[in-house]
Amino acid sequence: MQGDYLFYLQIGWLMAGIFFIIFNLSYWYDRTWLRNGIWFSLFFYTFWADVGLTIIASGNNAIIFPVGFLFLFLLFCIAAIFSLQAILLLWNAAIVWRRESHSLANSLTLYLGILIVIMPFVVSLINQHLPTFWAALLITFPGLCVLYAIFWFYNYLTVLVLYQAYWPRHNKDFIIVLGAGLMNGDQVTPLLAQRIDKGIQFYQKQRQKNGKTPTIILSGGQGGDETVPEGEAMRRYAVSHGVAESDAVAESASRNTLENMAFSKKIIDASGVNKPKTIFVTNNYHTFRAAMFAKAAHLKASGIGSRTARFFLPNAIMREYIAIVMRQRKLHLIMVVLMFIFALFWAILTAHSDWVAGWLRAFQNFLNNL
């Protein structure tokens with residue numbers, strides 16, 4: 001028995017090693033793949049399961065009991081967060097409601113919190129008042145869609161966190177700062193100022209570290225309610241905060257993140273720098289999706305993120321997730337159709353469980369008579 005346990009433990013460590021290698025190869029090849037989150041999660045949970053099983057196999061109670069207590073405490077914390085998620089979402093929604101505009105984009109935590117609160121009551125009403133077929137269909141199909149959305153949201157959160165673990169070398173030729181809208185027509189917003197400040201910080205640190213002066217590209221076009229292009233307002237801000245005028249270039253034609261990357265690449269290509277080294281700067285929640293756009297624009301650049309107010313993050317992260325899902329909407333639509341077909345099949349089986357039981361008995365009798 002002990003030998004079998006050790007054999008399976010060795011298999012577990014081997015699997016963790018394989019997942020670790022696959023994750024590193026995949027992440028090294030392309031940091032913008034959502035599948036990286038799957039490989040990392042497989043490695044992460046396999047690794048810690050192996051650690052726990054190895055501790056148990058050691059038979060050392062001085063280690064087993066403290067680690068077991070810590071494990072149970074972590075499980076309790078996770079369970080508490082999940083059980084209180086509706087309250088936490090509504091609490092965040094109340095803070096955002098006081099500090100931000102009451103737009104749909106800023107109300108996602110409000111709607112999600114309300115949905116979580118009313119869902120048990122809706123499910124109960126469906127079970128009580130609808131025929132078995134419709135109850136099974138209306139519960140199974142949305143349930144599958146929710147599980148599917150949670151699966152990809154978890155992977156997105158994983159790769160978003162992993163993407164923050166990037167500490168670029170101070171050898172860059174270009175720093176692209178992405179625009180984020182102006183206030184009062186020509187003034188940099190606090191959120192946009194954070195991005196520019198992050199770019200200036202990297203610019204100054206690189207100059208101090210090795211004397212190499214990068215060019216900062218301030219990228220942003222002009223919105224309908226803006227009197228000047230974002231790029232120009234950003235450039236003024238950067239120059240007023242210590243960047244030499246000759247080192248700051250405004251890109252003022254872009255209307256979205258893809259154009260930020262594409263038009264900035266044109267400026268870089270026109271500079272004549274051989275094999276330019278580039279980074280881009282945006283808010284931390286936006287780095288991963290911005291990297292996707294950099295890849296789409298054939299711009300070889302990774303991103304660093306400026307800090308974002310914590311109360312702002314839940315809505316911002318959900319907006320980013322929805323935008324990423326929409327980039328692959330055909331794939332997700334196919335999956336939704338397949339889930340509907342499965343739910344329909346399951347509803348038919350549930351509504352006619354007596355038929356299914358009869359078929360199973362007949363099949364069992366057939367096997368017995370062979």
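With 18 Å as the cut-off, how large is the P(r) tail for the stretch 230-370, expressed as percent of Cα-Cα pairs? Result: 73 percent of Cα pairs exceed 18 Å. Across the options Phe7, Leu90, Asn24, the greatest Cα extent toward the positive end of the charge dipole of the stretch 1-155 (unit charges at beta carbon of Lys, Arg, Asp, Glu) belongs to Leu90. Placing +1 on the Cβ of every Lys and Arg and -1 on the Cβ of every Asp and Glu, with nothing else charged, gives the stretch 166-308 a dipole about its Cα centre of roughly 880 debye.
Of the three principal axes defined by the Cα atoms of the chain, the extents in descending order read 89, 55, 41 Å. Contact order for the stretch 2-83, expressed relative to its length and based on alpha carbon pairs under 8 Å spaced 6+ residues apart, stands at 30 percent. Compared with the alpha-carbon gap, the fully stretched path from Gln204 to Ile64 is longer by 45.4 nm at 0.36 nm per residue. The Cβ shell under 13 Å around Phe288 holds other residues with a net charge of +3, Lys and Arg each +1, Asp and Glu each -1.
When Tyr321, Tyr154 are sorted by how many other C-beta atoms sit within 10 angstrom of their C-beta, beginning with the fewest, the order is Tyr154, Tyr321. Computed from label points 7 Å out along Cα-Cβ, the spacing between Leu331 and Gln85 is 2.2 nm.
Along the Cα-to-Cβ line of Ser101, 7 Å from the Cα, sits a label point; which residues in the stretch 158-192 have backbone N less than 15 Å from it? Only 180-187, 189-192 pass the distance filter.
Membrane-span-like helices in the chain (whole DSSP H runs, Cα extent of at least 27 Å along the helix axis, mean Kyte-Doolittle hydropathy of at least -1.0): 2-29, 35-58, 61-83, 108-129, 132-164, 329-351. Counting Lys and Arg as +1 and Asp and Glu as -1 over every other residue whose Cβ lies under 15 Å from the Cβ of Phe43, the net charge comes to 0. Cross-link partners of Lys172 among aspartates and glutamates, defined as those whose alpha carbon lies under 14 angstrom from its own and excluding same-chain residues fewer than eight positions apart: Asp247.
Relative to a virtual label point 7 Å from the Cα of Phe44 in the Cα→beta-carbon direction, which members of the stretch 140-165 show backbone nitrogen distances below 20 Å? Those under the cut-off are 147-165.
Using only the C-alpha atoms, the convex hull of the stretch 2-83 corresponds to 110 Å³ per residue. Straightening the chain between Phe121 and Arg169 buys 11.9 nm, computed as 0.36 nm per residue apart minus the Cα-Cα spacing.
Given a cut-off of under 8 Å on Cα pairs at least six residues apart, what relative contact order in percent is computed for the stretch 244-365? Normalised by residue count, the contact order of the stretch 244-365 is 19 percent. Taking Lys and Arg as +1 and Asp and Glu as -1, the other residues whose beta-carbon sits under 15 Å from that of Asp247 total +3.
If the chain linking Ser26 and Gln364 were pulled fully straight, counting 0.36 nm for each residue of separation and taking away their Cα-Cα distance, it would gain 116.9 nm. List residues of the stretch 106-136, by number, whose backbone nitrogen lies under 17 Å from a label position 7 Å along Cα→C-beta of Phe342. The answer is 136, whose backbone nitrogens lie closer than 17 Å to the label point. Across all directions, the average flat footprint of the convex hull enclosing the Cα atoms of the stretch 82-212 is 12.4 nm². Given in Å, the Rg to one decimal and the Dmax to the nearest whole number for the Cα atoms of the stretch 166-308 are 13.6, 42. The convex hull around the C-alpha trace of the stretch 208-256, projected and averaged over every direction, spans 4.0 square nanometres. Between Gly242, Leu333, Asn256, the Cα set farthest toward the positive side of the dipole of the chain (charges on each charged residue's Cβ, about the Cα centre) is that of Gly242.
Only the coordinates and a few stated rules stand behind these numbers; no lab work does. Only a predicted model underlies this, so the values are computations on that prediction, with no experimental measurement involved. For neighbour counting, all protein chains shown are included, and Cβ atoms are generated from backbone atoms with ideal geometry for every residue, glycine included.
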